Amino acid sequence: MVNANVKRVKSTEIELKDRLVGIQRVTKVTKGGRTFSFSAIVVVGDEHGVVGHGLGKAKEVTEAISKGIDDAKKNLIKVPLIKGTVPHAQTGKFGGAQVFLKPASHGTGVIAGGAMRAVLESVGVTDVLAKSKGSSNPHNVVKATMQALMEMRDAITVAQQRGISMDKVFNG
């Protein structure tokens, strides 16, 4: 289920930083023996609300990473941030992985582990409380975190979607 208010971003107009989340050596057994190749999960972001993830596969590690970066640049999204944290608590689920993101006060830092930390730092979150439940598979954790970030909405967006003023969003 993809949220309708997800903003896709073109990678040409922004400066992106890449983070390698994980790399695996994978084996294919053929008639001639075992063939080894590499699979790399990469997250790119500008640390100002834009983030994307990608998967690259190749015979060489460096080639797999560069393919992952190219794939990540193709599916960038814009995430609303408020004072360095997420606007509201949100859960995300992909496969067996579940993640929970909760806003935190200034100075808390990024309380998240592994694959979630890479995604949250790439998007530019400086203060957040996060919990990963279920599977710790980096592929699924990254996708679950991205799904949770895609569903984030700030107060302005909520007011526009409901057709009401900002005061009514908070005082309801």
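The values are calculated or read from the model by the stated rules, or taken from the named source; none is laboratory data. Please read these numbers as outputs of a predicted model, since none were measured by experiment. In this analysis, Cβ positions are derived from the backbone assuming ideal geometry, glycine residues included, and neighbour counts consider all displayed protein chains.
Taking the stretch 118-132 as the range and being free of Cβ contacts under 8 Å to residues at least 40 places away in the same chain and surrounded by fewer than 19 Cβ atoms within 10 Å (Cβ to Cβ) as the test, the residues that pass are 129, 131.
Taking strands (runs of 3 or more DSSP E) as the structural unit, those lying wholly within the stretch 17-60 and holding at least 2 residues that are free of Cβ contacts under 8 Å to residues at least 60 places away in the same chain and buried (at least 18 other Cβ atoms within 10 Å of the Cβ) correspond to 33-45, 50-58.
For the condition over 12 Å from the mean Cα position of the chain (by Cα) and farther than 20 Å from residue 151 by Cα, what is the one hit in 10, 74, 17, 102? Explain how you work it out, then say what you get.
Numbers: 10 fails: farther than 20 Å from residue 151 by Cα; 74 fails: farther than 20 Å from residue 151 by Cα; 102 fails: farther than 20 Å from residue 151 by Cα.
Only one candidate qualifies: 17.
I want to confirm something. Restricting to the stretch 140-165 and keeping residues that are among the charged types (D, E, K, R) and in contact with a Gly (Cβ under 8 Å, 6 or more places away or on another chain), which single residue is surrounded by the most Cβ atoms within 10 Å (Cβ to Cβ)? Reasoning before the result, please.
Initially, the stretch 140-165 is screened for residues among the charged types (D, E, K, R), giving 143, 151, 153-154, 162.
So of that shortlist, the ones also in contact with a Gly (Cβ under 8 Å, 6 or more places away or on another chain) come out as 143, 151.
Working: 143: 22, 151: 17.
So the residue we want is 143.
Do we have residue 153 as assigned to a loop (DSSP other than H, G, I, E, B) and basic (Lys, Arg) here? Even if it seems obvious, please write down each step before you answer.
Numbers: assigned to a loop (DSSP other than H, G, I, E, B): yes; basic (Lys, Arg): yes.
Yes.
Looking at the stretch 40-53 only, could you name the residues that are under 10 Å from residue 20 (Cα atoms) and among the small types (Gly, Ala, Ser)? Across the stretch 40-53, the qualifying residue is only 40.
Matching residues to (1) closer than 14 Å to residue 49 by Cβ; (2) under 13 Å from the mean Cα position of the chain (by Cα); (3) among the hydroxyl-bearing types (Ser, Thr, Tyr):
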position	(1), (2), (3)
117	no, yes, no
123	yes, yes, no
131	no, no, no
138	no, yes, no
141	no, yes, no
153	yes, no, no
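Please verify whether the stretch 92-115 includes one or more residues that are under 26 Å from residue 69 (Cα atoms), aliphatic (A, V, I, L, M), at pLDDT below 95 and in a helix (DSSP H, G or I). Yes, the stretch 92-115 contains a residue that is under 26 Å from residue 69 (Cα atoms), aliphatic (A, V, I, L, M), at pLDDT below 95 and in a helix (DSSP H, G or I).
Of all the numbered requirements in (1) surrounded by fewer than 20 Cβ atoms within 10 Å (Cβ to Cβ); (2) touching a strand residue (DSSP E or B) at 6+ places or on another chain (Cβ under 7 Å); (3) not assigned by TED's automatic domain parsing to the domain that holds residue 24, residue 168 misses one, and that requirement is (2). Look at (1) buried (at least 17 other Cβ atoms within 10 Å of the Cβ); (2) closer than 25 Å to residue 28 by Cβ and you find that residue 77 fails only one, number (2). If the condition is being in contact (Cβ under 8 Å) with a residue 24 or more places away in the chain, outside any loop (DSSP other than H, G, I, E, B) and under 20 Å from residue 8 (Cα atoms), then the stretch 68-89 contributes 68, 69, 71, 72, 73, 74, 76, 77, 78, 82.
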